[in-house]
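The values are calculated or read from the model by the stated rules, or taken from the named source; none is laboratory data. A quick note: this is a predicted structure, and the numbers were derived from the prediction, not measured. Glycine also receives a Cβ, built like all others from the backbone with ideal geometry; neighbour counts cover every protein chain displayed.
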């Protein structure tokens with residue numbers, strides 16, 4: 001899909017294609033459609049990041065709260081979004097042993113209790129050891145620092161989802 | 001469900017219950033969870049309205065773009081959310097004759113071409129005649145006026161969805 005094709009999409013088609021680049025937040029891609037025409041993929045990405053940064057703090061927390069736990073009940077019950085399912089599988093979340101599962105559950109629960117949102121990390125850029133280590137480390141962050149850090153991870157996830165969607169077309173010219 | 005029960009919900013349960021009070025925008029209820037404790041249902045409603053008002057204009061347009069057309073293809077294909085389906089049925093959108101359907105399609109299409117978002121109206125507070133009349137009238141509004149008007153309708157829909165969720169419990173004390 002080249003950038004001219006993206007720029008020619010109706011809002012309905014745009015949201016259909018890009019609606020989940022930020023997990024369960026179609027509002028964000030639907031908002032960013034207002035900023036067409038885009039000069040390229042990195043311009044869409046920059047507009048999404050800018051929109052996220054423009055939200056009040058509660059809105060950024062809201063974005064995080066739309067994310068599933070890693071190796072949590074959505075993975076178990078098969079109710080993850082397609083994108084999350086691929087990312088969690090790729091990061092080894094479907095292949096944890098019982099000790100790792102119980103450690104992950106305990107840390108996720110501590111994290112949510114401390115921050116009021118779930119631990120978000122770009123799973124594609126990490127393996128299970130790195131995820132467990134960072135979960136454990138980030139648990140000790142100050143709230144403000146951790147909100148910023150988690151939002152940075154949302155942006156990384158978004159970038160990879162965007163590139164995956166657009167560059168999976170071999171004819172792309174972006 | 002009384003307000004103490006609502007205030008004691010985890011963000012996961014809160015988003016599970018209230019995630020669609022603004023159509024396909026769980027981000028909004030997830031954000032508003034940060035504002036607990038609520039003093040009552042109207043306080044939740046006020047916090048949602050305040051959050052919507054705090055969004056940049058593109059974000060408000062984004063909210064509208066997450067809404068389905070009235071009597072559109074989602075109704076036809078059975079892919080409306082439960083709430084939208086109830087509302088559209090109640091407003092007679094499932095009982096349009098062929099002339100009304102074609103008039104609705106034509107006006108919806110003109111509206112989307114003019115404003116870049118779909119016509120949103122609180123269907124529960126209108127019947128099919130009123131909907132067609134208002135669609136036709138609002139089509140002539142200035143863009144800025146119409147964005148404000150449509151966001152007011154989002155807030156009305158939200159209020160009725162909220163009350164429906166909380167007051168459907170006969171034990172409610174709100």
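In region A:18-67, what residues are away from every other protein chain (no Cβ under 12 Å), under 13 Å from the mean Cα position of the chain (by Cα) and surrounded by 24 or more Cβ atoms within 10 Å (Cβ to Cβ)?
A:21
Name the residue that is farthest from residue B:79 (Cα to Cα), counting only residues in region B:5-17 that are crowded, with 20+ Cβ neighbours inside 10 Å and at the interface with chain A (Cβ under 9 Å from one of its Cβ atoms).
B:11
Just to be sure, is residue A:60 at pLDDT below 95 and part of a helix (DSSP H, G or I)? No; evaluated as a whole, the condition is false for this residue. Contact map, region B:14-35: residues that are at positive phi paired with residues that are assigned to a helix (DSSP H, G or I) and modelled with pLDDT of 95 or more, Cβ distance under 8 Å, separation 6+ or inter-chain. Pairs shown: B:24/A:26; B:24/A:27.
For region B:108-121, the set of residues classified as more than 16 Å from the chain's Cα centre (by Cα) and either buried (at least 19 other Cβ atoms within 10 Å of the Cβ) or over 15 Å from residue B:73 (Cα atoms) (or both) consists of B:110, B:111, B:113, B:114, B:115, B:116, listed by residue number.
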